[in-house]
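Peer 1: I'd like to ask you about the structure that follows.
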């Protein structure tokens, strides 16, 4: 077992199977030492986490949805290159399905940001954007994409 898989076990996290694309794209592209991960929607145990922040999803539920999307990112990284090749989580782009007056997108995004730091330590600290959008695919609450620096493999 790898060092990062050991850490996941310590945290009580079991990675799901990496989600297959639902349209015309690939889940991950490695280029120039960077791994670009396509947006991962909020789902847990095969169930979509749906809804809109500021309407029918609470802040705590949104944070949990972002964490679930972050776990899906980890599954995609593991499938694409292996978690032990991660050199740095460079950036997360967090999209939050929210009403026009909801302004806590950064707090929602912390669900994924804190996960990356818990799993990877200092190299899990990253740049980030957290934006509200009026809708997301399949009505999910959160979608996150990522840029990850990877060691030569």
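Peer 1: Which of the residues belonging to the range 43-68 are within 17 Å of residue 104 (Cα to Cα), outside any strand (DSSP E or B) and touching a residue at least 12 places away in the same chain (Cβ under 8 Å)? Spell out the reasoning first.
Peer 2: Filtering the range 43-68 down to residues within 17 Å of residue 104 (Cα to Cα) leaves 51-67.
Add one more test, that the residue is outside any strand (DSSP E or B), and what stays is 51-52, 54-56, 58-67.
Of everything in the range 43-68, those that are within 17 Å of residue 104 (Cα to Cα), outside any strand (DSSP E or B) and touching a residue at least 12 places away in the same chain (Cβ under 8 Å) turn out to be 51, 52, 54, 55, 59, 61, 62, 63, 64, 65, 66, 67.
Peer 1: What are the pairs, 6+ residues apart or on separate chains, where a residue within the range 72-86 that is closer than 17 Å to residue 144 by Cα has its Cβ under 7 Å from a residue that is in a helix (DSSP H, G or I)?
Peer 2: From the range 72-86, the pairs are 74/83; 74/119; 77/83.
Peer 1: Got a number for residues in the range 78-112 being touching a strand residue (DSSP E or B) at 6+ places or on another chain (Cβ under 6 Å), assigned to a helix (DSSP H, G or I) and closer than 22 Å to residue 18 by Cβ?
Peer 2: Matching residues across the range 78-112 total 4.
Peer 1: Turning to a different aspect of this structure: Exactly one condition in (1) surrounded by fewer than 19 Cβ atoms within 10 Å (Cβ to Cβ); (2) over 16 Å from residue 14 (Cα atoms); (3) over 11 Å from the mean Cα position of the chain (by Cα) is not met by residue 91; state its number.
Peer 2: Every listed condition holds for residue 91 apart from (3).
Since every read-out is calculated from the coordinates, none of them should be taken as a lab result. Since the model is a prediction, treat every value here as computed from it, not as a measurement. Positions of Cβ are generated from backbone atoms using ideal geometry, with glycine treated the same way; all protein chains shown enter the neighbour counts.
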